[in-house]
Amino acid sequence: MSEGPSSALTPTEAAQALGVSYPTIKQWIYKKKIRSVRTPGGHHRIPRSEIARLGASGALRSSMASAAPLDAISGRNKLAGVVKRIRVSGLLAEVALDVGGQTLTSIITAAAARELRLKPGSPAVALIKATEVMVIRA
């Protein structure tokens, strides 16, 4: 059974669910990195199966929706993902996040990793600001 436009998400809703920007979703549609369905009016709709395929699980979406402090951050480049790997060595920790099938790696302090209680499988958000990537527990 295929998903029709009525059961799918708008590009804005898909962007929010995946933790990316609206322009990113549009580029993914045009580059065929994400499947979309056209409405009779020609608008794109993203099937829920595509959201799941790209890594925004129900638990991650609900934790993102309830993360009021995250919404209060002015940074727009917030990428929701799941901790794939964490390596602690001395004062630093290397955190690898799976963001829509892509691996994003950040170096943070070991103390921050402990405080955030990061572990493989934990939902997390990468906040990208200029040349720095900060990790925020979702």
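Values quoted throughout were computed directly from the atomic coordinates according to the rules given, and no laboratory measurement underlies them. Predicted, not measured: the structure shown is a model, and the values here were computed from it. Cβ coordinates were reconstructed from backbone atoms using ideal geometry, including for glycine residues, and neighbour counts include every protein chain displayed.
Listing for the model above:
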read-out: Cα-based reach from LYS119 at 16 Å (exclusive), listing lysines while leaving out same-chain residues under 8 positions away; value: LYS84
read-out: Charge dipole magnitude, Cβ of K and R +1, D and E -1 - segment 5-54, Cα centre, debye nearest 20; value: 220
read-out: In Hz, Karplus ³J(HN,Hα) per residue of segment 11-28 (6.51, -1.76, 1.60; θ = phi - 60°; x = Gly, Pro); value: x, 5, 5, 5, 4, 5, 5, 8, x, 10, 7, 4, x, 5, 4, 4, 5, 4
read-out: Hz values of 3J(HN,Hα) by residue in segment 39-47 - Karplus curve (6.51, -1.76, 1.60), Gly and Pro given as x; value: 7, x, x, x, 7, 7, 10, 9, x
read-out: Residues of type lysines that LYS26 reaches as a straight line, Cα spacing below 21 Å, ignoring anything fewer than 8 places off in the same chain; value: LYS78
read-out: Environment charge at VAL88 (Cβ cut-off 14 Å; Lys +1, Arg +1, Asp -1, Glu -1); value: +3
read-out: FRET E, pair ILE128, HIS43, Förster distance 41 Å, beta-carbon r, rounded to 0.05; value: 0.90
read-out: Sites LYS26 and LEU91, calculated FRET efficiency, Cβ-Cβ separation with R0 30 Å, nearest 0.05; value: 0.15
read-out: Rounded FRET efficiency, nearest 0.05, which uses the C-beta distance separating ARG117 from ALA52 and R0 of 35 Å; value: 0.90
read-out: Cα-centred dipole magnitude for segment 78-137, charges only on beta-carbon of K, R (+1) and D, E (-1), debye, nearest 20; value: 160
read-out: Loop trypsin sites (Lys or Arg not before Pro), segment 98-138, which have at most 13 other Cβ atoms in a 10 Å radius of their Cβ (DSSP); value: ARG117
read-out: Using θ = phi - 60° and Karplus 6.51 cos²θ - 1.76 cosθ + 1.60, couplings along segment 103-118 (whole Hz; Gly, Pro as x); value: 9, 10, 10, 9, 9, 10, 6, 4, 4, 5, 4, 5, 4, 6, 6, 6
read-out: Cut-off under 5 Å, modelled amide H: who pairs with VAL135 long-range; value: LEU127
read-out: 5 angstrom amide H check on LEU9, placed H, neighbours 5+ away; value: ILE46, ARG48
